Amino acid sequence: MMHSTAVYLCCFFPKQTLQVKERVVTAMLNLIHFEREGCVVNRGLLKSCVEIFEDMGICDPHRLNIYTLGFENKLLDSTQAYYARKSLKWIESNDGIATYCAKV
């Protein structure tokens, strides 16, 4: 017998979250960006949001597809863009590539 939480996640949760999923992902990525810039963020909140994305895949035979497609790919894209911008700024504002390579 399926647990009531699993029934909820399978039947109702996906329909409700389609409306807010993109806003939640954007908020999560913003929090991660703020933390990278030195701000203190609520890591527990981020962890809970990630767990919700994982739980949304409970009815998915591949389990993490919702997490991967809904959040992880966007996180990896934003991470790549962030560090590309950051490295260019660092190279331009310091002594060039040699100092940048020593720092990295």
Among the candidates Val25, Val41, single out the residue that is in a loop (DSSP other than H, G, I, E, B), surrounded by 11 or more Cβ atoms within 10 Å (Cβ to Cβ) and at pLDDT 80 or above.
Val41
Hey, Leu31 at pLDDT below 80, in a helix (DSSP H, G or I) and surrounded by 12 or more Cβ atoms within 10 Å (Cβ to Cβ) or not:
no
Can you name the residue in region 48-62 that is more than 12 Å from Val24 (Cβ to Cβ) and surrounded by 13 or more Cβ atoms within 10 Å (Cβ to Cβ) and, of all such residues, is modelled with the lowest pLDDT?
Asp60
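The values are calculated or read from the model by the stated rules, or taken from the named source; none is laboratory data. Everything quoted here is computed from the prediction, not taken from an experiment. So basically every Cβ, Gly included, is an ideal-geometry build from the backbone, and we count neighbours across all protein chains shown.
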